[in-house]
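Here's the structure, in structure tokens; my notes come after.
Just so it is clear, none of the values below were taken in a lab; they were calculated from the coordinates. Computed from a prediction, not measured in an experiment: that's the story for all the values here. Don't worry about glycine lacking a Cβ; one is built from the backbone with ideal geometry, like all the others, and counts go over all protein chains shown.
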Amino acid sequence: LPYSKGCGKYRLWRHTPLSFPPPLSAEEEALCFSALERGDEAARQKLISHNLRLVSHIVKKYYTQSKNQEDLTSVGSIGLIKAVNTFRLDKNIKLATYASRCIENEILMYFRADKKNSKNIKYYFKLFEEFTKLPSPSSQ
């Protein structure tokens with residue numbers, strides 16, 4: 001059975017994976033990064049929202065009964081945000097390749113911190129929801 005406990009937005013993603021925007025092509029990525037260098041915040045938002053499916057895919061690998069899936073998703077989203085902020089096009093790799101390493105690194109740091117402190121570290125969903133606002137299909 002699919003995991004249905006928690007935040008309504010996540011439940012929507014979990015049950016309807018087609019609600020994610022499609023991944024960007026290499027050309028679209030390059031255009032977004034060139035706009036991002038000029039300071040366009042909408043391009044940054046587009047890069048983050050179009051790669052949320054990657055976060056969901058990576059979180060499935062690390063999900064256990066002792067870890068809340070929403071927490072792992074928010075931690076992975078923070079890793080995605082860090083990846084978008086530090087990615088450089090001149091390395092000739094795709095954002096998804098670079099972001100997957102950043103997302104996994106962030107999740108592993110979460111596990112290490114949780115083990116070290118022996119308590120759950122909660123990330124605020126406000127930051128997570130701010131970067132995951134997707135346009136409704138009726139507005140397109």
Given pairs Lys46/Lys94; Lys60/Lys91; Lys67/Lys91; Lys61/Lys82 and cut-off 23 Å on Cα-Cα distance, the over-length ones are Lys60/Lys91; Lys67/Lys91
Once the Cβ-Cβ distance between Ala26 and Lys82 is put in as r, and R0 is 22 Å, what FRET efficiency do you end up with, to the nearest 0.05? 0.55
